[in-house]
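Asker: Here it is, the structure in full.
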Amino acid sequence: MAVLVLADRSGTTVSQPTRSAVAAAARIDADVHVLVLGGSEAAQAAARLAGVTKVIQADGPAYEHGLAEPAAALLVALAPGYSHLLAPGSAMGKNIMPRVAALLDVQIITDIAAVEGPDTFRRFIYAGNALATVKTADAKKVLTVRAASFDPAPAEGGAAAVEAAPAAEDPGVSSFVGAEIAQSERPELTAARVVISGGRAMGSAENFHLLEGIADKLGAAIGASRAAVDAGYAPNDYQVGQTGKIVAPELYIAVGISGAIQHLAGMKDSKVIVAINKDEEAPIFQVADYGLVGDLFKLLPELEQELG
Amino acid sequence: MKLLVPVKRVVDYNVKVRVKADGTGVETANVKMSMNPFDEIAVEEAVRLKEKGTVTEIVAVTIGPAQAQEQLRTALAMGADRAILVEADGAEPLGVAKVLKALVEREQPQLVILGKQAIDDDMNATGQMLAALLGWSQGTYASKVELSAEGAKVTREVDGGLETVQLKLPAIVTTDLRLNEPRYASLPNIMKARKKPLETVKPADLGVDLTPRLTVVKVEEPPKRQAGVKVASVAELVSKLKTEAKVI
C-alpha cells in the first residue's frame, strides 16, 4: 500500500525537512505520494522530488495557512488509501499529525530517527539522552520525521502527476489571523549548510551582530542557545535545541555556548562541530571536532577577517 | 469560565537520565521527579487568567501513579482550585487524551491548557489528540493567549517566527516556553493546597481502555560523539576546516 507525506511549503517549493520525510517514506514503501496544502508551484516542486509517484494538491482558503483542523480532516479522508501517513517534524507537522492520529484511533510516533521496519521505528526520548526502538500494534501508522536523521530526497529526478485533493469538510473552528515571519536573506536554520550559533556569553543583542559578518561569508544561518534566547539576545525562532530547532548542517559553529544537554540534542548530528568558548572545561568541547579556547570578542573579528 | 489543566509527573529537568543496563528504559528509581516544565507554564497561565477574572475555576488533572499527587499539590499551591488524579501508569498520549476527554465531558470546561510536550517521552501529541477526540479547535505552541467573548486568540511559535490564530471556544491550548515564567508557590499557599480537594479515580471508572499500542523493543544510549582536537588559533581553525574537514 502507498504511503502519504504531508508537505511543508517553503515559499514556492517544499521545505528541506519535507524532502527528509520523503526519504523516510521511501524506506517504508516505493509508492510515495505527497500532499501539498495550497500553492500550485509547491505542488509542482513536490512532483519533481526523486522517489515521489503522485502529488495531491489541496486548494482553498482553509488550507492556505495549514490550519490543523481542516488539514487533519483532509488527511483522514485520504487515509483509507495509505498504510502510513507521514509529515516532517516541523511546527506544521507536529501540529497536524497527532490530530490525524487521534481521529484514526492511532497512537502517533513522533520524530522518528530511523525506520527499522514497517511497524518499528527509532526515536530519541529524554531530550536526546536515550534512543528508543518502538513497535506499533496499530494497523495504520502515523509518523512525524526528525529531518536531521534522514538525508533529504533529491529535489529533482521525479515526474509525478499532480491531482486535486478530494473535498473534505472544514470543521470551521479556527481561523488564521496573521503571521510575523522573520524575513532574512540568510538560509533557513534547518536547511542551512553552515550554522553559526551564539550563547549567553555573547552578552547582548548588539553583540549578536558579531555573528552576522561571519554568517555572510560562510552563507550560514544564525542560531542561538536557549540561554541566549531567554536573555533576549536573539529571537525565539533562532533557538537550536531539544525544545527549539533540530539542525544537522555540514558545519556547526557554537560561539560562547557551554553545551547544555538541551542544546546538544539539537545539533549533535552536525557533520563538523566547532566550539569557541573561553572556558576550556565547557561540555561543548566534548562534542566538538575543533575547539578554540579564548575570548569570543577577540576571536570573532579575527575569524571574520581570516575568512576573507 | 472553567478551565482544565492536565499536568504530568516526569523526571526532573535537571536530572541526567541514565539508560538501564537491561535496555528496558531509563532509570527512574530514586530519581527526583517534578511537574513537566511545560505543564508548569500551563498552570501559571491558568492562574493568570483567573487573576484577570476571565476564569472562575481551575481543575488540575494528572494521569499517573499515586505519587503524582505531589505534582497535583504543586498545581494547587500555584493556584488551581481542585485536582483529579487518574491512577494509571505508563499511559500513552492517545490513552491520556481519552481519559482527558472523559473528564472534559464530566467537568465541561471551556478551555484546556497543557504543555506542548512532556520532557520524558518528548512525544508532543497529547493536546492535539485531545482536541481531535473532542472535535475542538487547537492552538499549539502558544506564546500568548487572549480570551474574549469571541473565543481565544493564540499567538503560536512556528518555524521562522510567530503565527496568530483565532479559536472558537471550547478550545485546547498547548504552551511553549515563552508564554510566561511560572511562579514559585509560597509557603502559605503550599499549606493551603493541602486542604484543597483532590479526587482519585480509576480509568475504568471513566470507561477508558488504556491498553498500549506501542511496545518498547529496547532503549539504548545514543551514539556518542568523540571529542576532537583543540586548535591554537583562528588561522589554524580556518586552515583545518578548509584542508582537513573540507567544509568551507
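Asker: Give me the inter-chain shielding for B:73-86: mean count of other chain Cβ atoms within 10 Å, whole number please. Kindly include the intermediate steps, with their values, before the conclusion.
Answerer: Numbers: counts 0, 0, 0, 0, 0, 0, 0, 0, 0, 0, 0, 0, 0, 0.
For peptide B:73-86, the averaged partner shielding equals 0.
Asker: Taking a cut-off of 25 Å, what percent of all Cα-Cα pairs in chain B are separated by more than that? Don't jump to the answer; show the numbers that get you there.
Answerer: Working: 14694 of 30628 pairs.
Here the long-distance tail beyond 25 Å is 48 percent of all Cα pairs in chain B.
Asker: Output ³J(HN,Hα) for segment B:174-181: one whole-Hz value per residue in order, computed from phi by the Karplus curve 6.51 cos²θ - 1.76 cosθ + 1.60 with θ = phi - 60°, and x for Gly and Pro.
Answerer: These are the phi-based 3J(HN,Hα) values: 10, 9, 10, 4, 9, 5, 6, 10 Hz.
Asker: OK, next. Any chance you could get the radius of gyration and Dmax over the Cα atoms of segment B:104-187, in Å?
Answerer: Radius of gyration, then largest Cα-Cα span, for segment B:104-187: 13.3, 41 Å.
Asker: Where in segment B:147-209 are there trypsin sites (Lys or Arg not before Pro) that are in a DSSP coil and have at most 10 other Cβ atoms within 10 angstrom of their Cβ? Working shown, then result.
Answerer: Details: sites: B:Lys153, B:Arg156, B:Lys168, B:Arg178, B:Arg183, B:Lys192, B:Arg194, B:Lys195; in loops: B:Lys168, B:Arg183, B:Arg194, B:Lys195.
Sites meeting the loop and neighbour criteria: B:Arg194, B:Lys195.
Asker: I would also like to ask the following. What would the Debye formula give as log10 I(q)/I(0) at q = 0.10, 0.12 Å⁻¹ for the alpha-carbon point model of the protein assembly as shown, no solvent?
Answerer: The Debye formula, applied to the Cα set alone, gives -0.83, -1.19.
Asker: In whole angstrom, note down how far apart the Cα centers of segment A:207-238 and segment A:69-88 are.
Answerer: 36 Å
Asker: Using θ = phi - 60° and the Karplus relation 6.51 cos²θ - 1.76 cosθ + 1.60, list the HN-Hα couplings for segment A:290-307 in order, rounded to whole Hz, with x at every Gly or Pro.
Answerer: 10, x, 10, 8, x, 7, 5, 5, 8, 6, 5, x, 4, 5, 4, 5, 5, 6
Asker: With viscosity set to 1.002 mPa s at 20 °C, what whole-number translational diffusion coefficient in µm²/s follows for segment A:194-306 from Stokes-Einstein and a Kirkwood radius over Cα pairs? Numbers along the way, then the final one.
Answerer: Working: Rh = 13.3 Å.
D = 161 µm²/s.
Asker: Among all the aspartates and glutamates, which ones have a C-alpha under 17 Å from B:Lys16's C-alpha, if same-chain residues fewer than 8 places away are not counted?
Answerer: B:Glu27, B:Asp120, B:Asp121, B:Asp122, B:Glu220, B:Glu221
Asker: Continuing with this model, one more query. Can you put A:His65, A:His84 in order of Cβ neighbours within 10 angstrom, beginning with the fewest? Mind dumping the intermediate values first?
Answerer: On the way: A:His65 19, A:His84 22.
Starting with the residue having the fewest Cβ neighbours, the order is A:His65, A:His84.
Asker: Let me ask you something else. Could you please rank A:Phe208, A:Phe297, placing first whichever residue has the fewest other Cβ atoms within 10 Å of its Cβ? It would help to have the intermediate numbers written out before the result.
Answerer: Numbers: A:Phe208 19, A:Phe297 14.
Least crowded to most crowded, the residues run A:Phe297, A:Phe208.
Asker: Taking the Cα centre of segment B:60-183 as the origin, how large is its charge dipole in debye, to the nearest 20, when only Lys and Arg (+1) and Asp and Glu (-1) carry charge on their Cβ atoms?
Answerer: Working: 12 positive and 17 negative charges, 84 e Å.
In debye, rounded to 20, segment B:60-183 gives about 400.
Asker: At q = 0.15, 0.24, 0.26 Å⁻¹, work out log10 I(q)/I(0) for segment B:38-123 with the Debye formula, treating every Cα as an identical point scatterer and leaving solvent out; two decimals please.
Answerer: Here the Debye-derived log intensity ratios amount to -0.54, -1.43, -1.60.
Asker: Remind me, what semi-axes does segment A:3-164 give for its equivalent ellipsoid, largest first in whole Å, using sqrt of 5 times each Cα gyration tensor eigenvalue?
Answerer: Its equivalent ellipsoid spans semi-axes of 23, 17, 14 Å.
Asker: What does the structure give for B:209-218 when I average, per residue, the other chain Cβ atoms found within 10 Å of the residue Cβ? Present the calculation step by step, with values, prior to reporting the outcome.
Answerer: Details: counts 0, 0, 1, 4, 11, 11, 7, 5, 8, 5.
Mean shielding count: 5.
Asker: If you wrap a convex hull around the Cα atoms of segment A:105-256, how much volume per residue is inside, in Å³?
Answerer: Details: hull volume 31.1 nm³, N = 152.
In segment A:105-256, the Cα convex hull volume per residue is 205 Å³.
Asker: Please quote Rg/Rh for chain A to two decimal places, taking the Kirkwood radius as Rh and restricting both calculations to Cα atoms. Mind dumping the intermediate values first?
Answerer: Numbers: Rg = 20.3 Å, Rh = 20.3 Å.
Looking at chain A, the ratio lands at 1.00.
Asker: Give me the percent of DSSP beta bridges within segment B:2-243 that run antiparallel, rounded to the nearest 5. Mind showing how you got there, number by number?
Answerer: Working: 17 of 44 bridges.
Bridges in segment B:2-243 are about 40 percent antiparallel.
Asker: Just how many pairs of Lys in segment A:139-293 have C-alpha atoms closer than 30 Å, counting pairs that are eight or more places apart or on different chains?
Answerer: Total qualifying Lys-Lys pairs in segment A:139-293 comes to 11.
Asker: Subtracting the Cα-Cα distance from 0.36 nm times the residue separation, let me have the gained length for B:Glu70 to B:Tyr184 in nm, one decimal. Let's see the in-between values first.
Answerer: On the way: separation 114, 0.36 × 114 = 41.04 nm, distance 1.48 nm.
Fully extending the segment from B:Glu70 to B:Tyr184 adds 39.6 nm.
Asker: What's the exposure ranking of B:Tyr141, A:Tyr63, going from fewest to most Cβ atoms within 10 Å? Show your work: numbers first, answer last.
Answerer: Numbers: B:Tyr141 26, A:Tyr63 21.
Lowest count first: A:Tyr63, B:Tyr141.
Asker: Moving on to the next point. Within 10 Å of each Cβ in peptide B:136-142, how many partner chain Cβ atoms are there on average? Round it to a whole number, please. Walk me through the intermediate numbers first.
Answerer: Details: counts 4, 8, 10, 3, 7, 3, 0.
That average works out to 5.
Asker: Is the C-alpha gyration tensor of segment A:187-252 telling us rounded, prolate or oblate? Criteria: a/c under 1.5 is rounded; beyond that, a/b larger than b/c is prolate, otherwise oblate.
Answerer: Numbers: a/c = 2.23, a/b = 1.19, b/c = 1.87.
It is oblate, given that a/c is not under 1.5 and a/b is not larger than b/c.
Asker: Counting DSSP beta bridges with both partners in segment A:1-62, what percentage is antiparallel, nearest 5? It would help to have the intermediate numbers written out before the result.
Answerer: Working: 2 of 12 bridges.
Around 15 percent antiparallel, to the nearest 5.
Asker: Taking the square root of 5 times each eigenvalue of the Cα gyration tensor, what semi-axes in Å does the equivalent ellipsoid of segment B:163-248 have, largest first? Each step should come with its number before you reach the end.
Answerer: Numbers: eigenvalues 506, 128, 84 Å².
Each semi-axis is the square root of five times an eigenvalue, giving 50, 25, 21 Å.
Asker: Expressed as a whole number of Å, what is the distance separating the alpha-carbon centroids of segment B:214-233 and segment B:78-93?
Answerer: Each part reduced to its Cα centre gives a spacing of 34 Å.
Asker: So what is the calculated 222 nm ellipticity per residue for the protein assembly as shown, using -39500 (n - 2.57) for each DSSP H run with n of 4 or more, over all residues, to the nearest 500 deg cm²/dmol? Present the calculation step by step, with values, prior to reporting the outcome.
Answerer: Working: 16 runs with 150 residues, N = 556.
It lands at -7500 deg cm²/dmol.
Asker: Another question, then. Set the Förster distance to 41 Å, then compute FRET efficiency between B:Lys192 and A:Glu281 from the Cβ-Cβ distance, nearest 0.05. Numbers along the way, then the final one.
Answerer: On the way: r = 44 Å, r/R0 = 1.08.
The pair B:Lys192/A:Glu281 has a calculated efficiency of 0.40.
Read-outs throughout are calculated quantities, based only on the coordinates presented, and are distinct from any laboratory measurement. Only a predicted model underlies this, so the values are computations on that prediction, with no experimental measurement involved. Note that each Cβ is placed from the backbone with ideal geometry, even for glycine, and that neighbours are counted across all protein chains shown.
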